[in-house]
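All remarks here apply to the structure that follows.
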Amino acid sequence: MTSPPAHRGYRLGVDVGGTFTDVALMAPDGQFAVKKVSSTPGRYDEGIITGIRQVLKDAGVPPESVLEVCHSTTAATNAVLERRGATVGLITTKGFRDVLELRRLRTPSLYDLFYTPPEPLVPRRLRLEVDERMDAQGRVLTPIDPEDARRAVDQLLQEGVESIAVCLINAYKNPLHEQAIGDLIRKDHEGMFVSLSHRVVSAIREYERASTAVANAYLMPIMNAYLTSLRRRITAMGIKAPILVMQSSGGMMTSHRAGRRPVFSLESGPVAGVAGALQLSKEMAAPNLLTFDMGGTTTKAAVIENGAPHKAAEYEIGAPISRGSRLLKGGGYLLLVRAVDVAEVGAGGGSLVSLDKAGSFQVGPRSAGAEPGPICYDRGGSQPTTTDANLLLGYLNPESLLGGALKVNLNKAAGLFDAQVARPLGLSLLEAAYGVHTVANASMARAIRSVTTERGRDARNFTLVAFGGSGPCHAAALAHQMGIPRVIIPAAPGLFSSLGLLSAPQEYEFVHSLMTGSGAAARPVLEESYAALEAEAGDVLRREGYDPQGLVFERFADLHYAAQVHELTVPMPPSGQTPDLEAAFGEEHHRTYGYQSPGEPIEIINIRVIGRPAAPPSSQPNLAAIGASLYRAQGGRGSRAAYFGPRHGHLQTEVTTRGRLSLQPIPGPVIIEEYDTTIVAPPGCAVSRDDRWNVILRWEQ
Amino acid sequence: MNRPPLDPVTFEVIRNALQSITDEMMLTVQRTGRSPTTTQAFDFSAALCDTNGDVLDQGLAIPIHMGGIPNAVQAVLAKFKGRVYPGDAIILNDPYSGGLHLPDVFCVTPIFVEERVFAYSVTVVHHMDVGGRAAGSMAHDSTEIYQEGLRIPPLKLYERGKLNPTLADLIKLNVRTPEVVMGDLASQISACNAGSRGLLDLVEEYGQDLLKDCLRELMDYSERITRRAISQWPDGVYRFTDHLDEDGLSDDPIPIKVALHVNGNSAMVDFTGSAPQTRGAINCVLSQSKAMAYCAIRCAIREDMPNNSGCFRPVEVVAPEGTITNMRHPASCAARGVTSFRLIDAVLGALAQVVPDRVAAAPEGGTSTGRFGFPQPDGSIRVFYDNVFGVRGAWNNGDGRGGAASVGANISNVSVEILESQVPLRVRRYGLVPDSGGPGKHRGGLAITREWELLAPEATITWRSDRRAFPPYGLMGGKPGQGSLNALNPGPGGQTLPTKINTRLKQGDVFRHTSPGGGGYGNPMERDPQATLEDWRSGKVTAAHAREAYGVVIDEAAGQVDAPATAKLRNPRPPTGPSP
């Protein structure tokens, strides 16, 4: 990809969520303009085009000045959740038609006689077998019969499939037969979508690989159509720039590649927020951050440690929202896709409060969503939510939100909250509201715990970065509960994800399955394998339009003790020596699980290389400049009563703006109102801003 | 006591935190374990217990273990009372000293607060081998406990953080796979430490008095939910008899009898009348039988509540000593899993008379499971494990599914590719069996079959299965599922093997196990013909079976239901009077 000189380049960040599409325009000097428009589900490109057109017009920037469009979208995720993907056929090895349906058999709940696993994305009649077999060493046992394969393909096409996945036993060792079927489909049926399991993810374990290949096949037609249409319409506007799509692993990839490997960008939305936090981490030289992204329905948490986000090797999609456990429970579709380790819990601003018969109550996972929304929005909601509790506590403006655009009905919220929550629990209205606020925090704490303590990390050693519409309202109390001393609320917390898009690098990961002992004999093989993998990566990226000379590669390895099944990924030490790699693994094992076993045989399972352009993006968002432009105007101030629990009770609390804060901390309670969020600092928590316009909340020790 | 009542907020916060801690314990075992049982199959449990041994919270794991945990902790207390120190890790596996069967090794570690034990972390792992007559220590044909492997009473593997080398050496010498066993034990201790860290964080946050109150209240809460549910059941005595096929040493069917007494807000499960203990190794200790009765009752109460011992307070279990439900020394028990699952089936059979809409027809009858032993050139023996399971019975609103673990043991299957990469076996087939689900208005889940070919010169195999003579029962007019089958070299010249085997394979031999199919629910003649057509399209039933079992005639050429022929088959006589 040959980059024009940077001074000509404007960059667009487009983050499409369920409710809003955020478009950020970044000038070469780091200045930016932004537009929030309604999303247009079903035809997401409508909203995007509207947003881009408006933001360019307002900024007076001609379309041809746009250098690249960085994009994250929930389109693929929603297609899975709503089962709107393609009709997929699956070709498997003879004897293994049902691997996809049998799954791993564990169920997500105990004592449930009626548990029904999710329907496989390919029904049984569209899963066909071909007589062929590789052994575990990759040797051909039964050669593939092209006629037999052709029969299977033809039968699937007769059944009307739009996309074909192929997953053969032991293809991770030798992909020859999968390639043969792929060639045959492409030759006979040009334009047919094909997902070969070894191409999507070359890893051992037949169910996981099949599930990943099938999900990819399921999304290919939809994502291709979407990205093709988006490219066409953006080009028609006069923008002659590539579209880059956020991957679940945190890097950007070309939209052509995203169309072929949509399963790699399923988490692009949540991960864009983490990318924003990563940028913040760099700018502030704060290497250890915990992200806390609280929206209407769910809350997401992730860890940035030593300047890099934690990643997980596999995750499930489509499961009912869990309570944030890292135990893969089998409730969704398993994907062997490396992704930023984002934990999600079903607690957000719109989460419903429910009471059970035995006198306990819960917040979420059901949500009032955007419609009908919380009671106080007065749009038909009649069940109490977290937002209603925050309003009753005095945290939210009792008259209106969104800078006056949304009128609030306090009386209605109080009446229904009292009748449905407070009285049944035998509590006062304020006690009950405070209880809901606190229980929501407990639920969100699980998300944080699952990315910290369950990964052997102590949350208290991190700084919390809170964003999303509701995050800043809960952040201080949540941090206090978890012993986290410091919270940062970045500039423009509601637009944080679209800014993140503009700071993420272009990045491509390549994996090769090794399955070897790490003894001395393996050493030349390791070096050779890395070299071969980098050569392959160079080839692929050249086809994507990159100049191979301008690429840099980083090496990683996945290791485990012999007979373990789960690997830990560590960077290849600079020496390239196997003993150093083993030592690094031992340390990581100790850090994660509390012990290591010196002398026990270690196996290297996969090697990984990450390739990226040596030159960083031409311009990076400058969060300080963004803050200055947003918050220079000081705005008004006032006060209102807010309730901070039985210990502090009802306190008259200063209500102010970010523009009025100084570098000198002031003691809480303080409430800071902004256009799309409200920051709450309880008593005992000091508030200041830093020279980048971040709000800093700090608990007294 | 005059402490103010616990506030509902703290209660909910601590309830969440406990689940998070036991999840983390589970994850630690799975990530750091060494055997296929820990890393892949999830055949282990983790829990936090109070100082009585009552379970405070249990991870998402094995109900079969759940009832055994209090007993194990009590055995530890009985032996070491006053001699438990920080850094201790006490293990046991002997069923006559607090264990369940020898392969399940418990690890109990104390959690100290201010120099006193506040709680215990407990993990139970099904180990790959604990010695004894057969590789994998799961032989069905041992007749006394002494043949089954190394018996460990409560002993300290670590005392004050120091390894007990005598015990470690004894274990390593007596098991076939010392590295794997010691690695899994290390994962258990690591998980117990994680549990301890998590609970100590809570103590720091809330103080031990408040936390104790809350833990007590959590149990009371589960008890209240359980009592309320039971109080809605009609009082009475409900009887059910199910059977095990045999014990593998004789051909005699083995009755399991249940009398379920519902009395106000409590219940009693009485196993009196069940078979005397068997010569074959399928006997249960009392704590095992209790666990199974609790599990069945918990299933019939479809409420969300914490997984703690409070759920079981309203349930009394009676099992006479010397029977298969309460074995007497020196009875053997390695393969008692089949019995455990049958106890659940039997209690559920009784519950189906109480709450028919909350109970499903019988599932496969539990995990069919086996152990392969591969002699190595250096004289050691490699042991591997595999299993076949995941078939559910139908219920009043749905077909039984192939693809969900039994309620008794929430475990996973073993990846074919991992198995083939680790041991000289090739899996030739793994999938569903057409026509095997019990017919019903709602169809039972299809049986699952798996086939292994031996690539090495020789290997040993023990395989445990059941439900061939007594297939999974149907409910409300639903029919039983197809019985299980073991076959050696299936096809011409092949032979059928018994349900429970302990034998040798030679190179090229193919062993096939076909699990039972799940029971059906409701009259099969009332099944929606379109549902049967969809089953036919999916290859789940053949046209012949559709006709015979469901009275549905499928026009195979047209790919449609032949409606007139179906109506005629289902109602052979024309209506005699005017319709109402």
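The values are calculated or read from the model by the stated rules, or taken from the named source; none is laboratory data. Computed from a predicted structure; not experimentally measured. Neighbour counts are summed over all protein chains in view; Cβ atoms, including those assigned to glycine, are modelled from backbone coordinates with ideal geometry.
Things worth noting here:
- Of the criteria (1) within 26 Å of B:Phe389 (Cα to Cα); (2) more than 11 Å from every other protein chain (Cβ to nearest Cβ); (3) acidic (Asp, Glu), which one A:Asp148 fails: (1)
- Being closer than 22 Å to B:Ile411 by Cβ and not β-branched (Val, Ile, Thr) is not true of B:Ser274.
- Count - residues of the stretch A:661-683 that are in contact with a helix residue (DSSP H, G or I) (Cβ under 9 Å, 6 or more places away or on another chain), more than 20 Å from A:Ser400 (Cα to Cα) and at pLDDT below 95: 2
- B:Glu148 of a type in the set (Asp, Glu), crowded, with 21+ Cβ neighbours inside 10 Å, within 25 Å of the chain's Cα centre (by Cα) and on the phi < 0 side of the Ramachandran plot: yes
- Top-ranked residue of the stretch B:44-80 - restricted to ones that are crowded, with 24+ Cβ neighbours inside 10 Å and in a loop (DSSP other than H, G, I, E, B), ranked as farthest from the other protein chains (Cβ to nearest Cβ): B:Gly67
- Considering only residues in the stretch A:150-169 that are surrounded by fewer than 24 Cβ atoms within 10 Å (Cβ to Cβ) and not aliphatic (A, V, I, L, M), the one that is nearest to the chain's Cα centre (by Cα) turns out to be A:Glu162.
- The set of residues in the stretch A:396-435 that are among the small types (Gly, Ala, Ser) and either more than 25 Å from A:Ala681 (Cα to Cα) or within 14 Å of chain B (Cβ to nearest Cβ) (or both) comprises A:Gly415, A:Ala419, A:Ala422, A:Gly426, A:Ser428, A:Ala432, A:Ala433, A:Gly435.
- Close contacts from the stretch B:1-24, counting a first residue that is at the interface with another protein chain (Cβ under 7 Å from one of its Cβ atoms) and a second that is at pLDDT below 70, with Cβ to Cβ under 6 Å and a gap of 6+ residues or different chains, come to B:Asp23/A:Ser325; B:Asp23/A:Leu327; B:Glu24/A:Glu454.
- Restricting attention to the stretch A:542-556, the residues that are within 25 Å of A:Pro573 (Cα to Cα), surrounded by 16 or more Cβ atoms within 10 Å (Cβ to Cβ) and in contact (Cβ under 8 Å) with a residue 60 or more places away in the chain total 1.
- Selection within the stretch B:400-435 - within 7 Å of chain A (Cβ to nearest Cβ) and either out of contact with any strand residue (DSSP E or B) (no Cβ under 7 Å at 6 or more places or on another chain) or of a type in the set (Phe, Trp, Tyr) (or both): B:Arg401, B:Gly403, B:Ala404, B:Ala405, B:Val407, B:Asn410, B:Ile411, B:Ser412, B:Ser415, B:Glu417, B:Ile418, B:Tyr430
- The stretch A:119-141 - residue that is part of a strand (DSSP E or B) and touching a residue at least 24 places away in the same chain (Cβ under 8 Å) and, of those, nearest to the chain's Cα centre (by Cα): A:Arg127
- Residue selected from the stretch A:496-525 under the condition surrounded by fewer than 18 Cβ atoms within 10 Å (Cβ to Cβ) and modelled with pLDDT of 85 or more, by the criterion farthest from A:Gln247 (Cα to Cα): A:Pro505
- Among the residues of the stretch B:443-466, those identified as within 12 Å of chain A (Cβ to nearest Cβ), touching a Pro at 6+ places or on another chain (Cβ under 9 Å) and buried (at least 24 other Cβ atoms within 10 Å of the Cβ) are B:Gly445, B:Leu446, B:Ala447.
- Selection count where residues are surrounded by fewer than 17 Cβ atoms within 10 Å (Cβ to Cβ) and within 14 Å of chain B (Cβ to nearest Cβ), scope the stretch A:564-587: 1
- Whichever residue in the stretch A:526-535 is surrounded by 14 or more Cβ atoms within 10 Å (Cβ to Cβ) and at pLDDT 85 or above and, among such residues, is nearest to A:Ala615 (Cα to Cα): A:Glu534
- Some residue of the stretch A:633-643 being touching a helix residue (DSSP H, G or I) at 6+ places or on another chain (Cβ under 9 Å), within 14 Å of chain B (Cβ to nearest Cβ) and at pLDDT 90 or above: yes
- When restricted to residues that are among the acidic types (Asp, Glu), part of a helix (DSSP H, G or I) and without any contact (Cβ under 8 Å) to a residue 60 or more places away in the chain, the stretch A:563-606 contains 3.
- Among (1) at pLDDT 85 or above; (2) buried (at least 22 other Cβ atoms within 10 Å of the Cβ); (3) more than 7 Å from every other protein chain (Cβ to nearest Cβ), the one test that B:Thr28 misses: (3)
- Filter pass, A:Ser662 being of a type in the set (Ser, Thr, Tyr) and either under 30 Å from A:Thr452 (Cβ atoms) or part of a strand (DSSP E or B) (or both): no
- Every residue from the stretch A:417-452 that is assigned to a helix (DSSP H, G or I) and touching a Gly at 6+ places or on another chain (Cβ under 7 Å): A:Tyr434, A:Ser443, A:Arg446, A:Ala447, A:Ser450
- Test: residue in the stretch A:391-408 that is among the small types (Gly, Ala, Ser) and under 23 Å from the mean Cα position of the chain (by Cα): no
- Count of the stretch A:348-367 residues which are within 10 Å of another protein chain (Cβ to nearest Cβ) and in contact with a Pro (Cβ under 9 Å, 6 or more places away or on another chain): 4
- Verdict on B:Asn397 being surrounded by 24 or more Cβ atoms within 10 Å (Cβ to Cβ) and at the interface with another protein chain (Cβ under 9 Å from one of its Cβ atoms): no
- When the stretch B:536-575 is limited to residues that are under 20 Å from B:Ala447 (Cβ atoms) and aliphatic (A, V, I, L, M), the one that is nearest to the chain's Cα centre (by Cα) turns out to be B:Val541.
- Residue within the stretch B:132-152 that is in a loop (DSSP other than H, G, I, E, B), modelled with pLDDT of 95 or more, among the acidic types (Asp, Glu) and in contact with a helix residue (DSSP H, G or I) (Cβ under 7 Å, 6 or more places away or on another chain) present: no
Results for (1) assigned to a loop (DSSP other than H, G, I, E, B); (2) among the charged types (D, E, K, R); (3) more than 10 Å from chain A (Cβ to nearest Cβ); (4) in contact with a Lys or Arg (Cβ under 8 Å, 6 or more places away or on another chain), shown as yes or no for each residue.
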position	(1), (2), (3), (4)
B:Met268	no, no, yes, no
B:Gly273	yes, no, yes, yes
B:Arg279	yes, yes, yes, no
B:Cys284	yes, no, yes, yes
B:Gln288	no, no, yes, yes
B:Ala296	no, no, no, no
B:Met305	yes, no, no, no
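- Counted residues, the stretch A:478-496 - those being aliphatic (A, V, I, L, M) and within 19 Å of A:Val451 (Cα to Cα): 6
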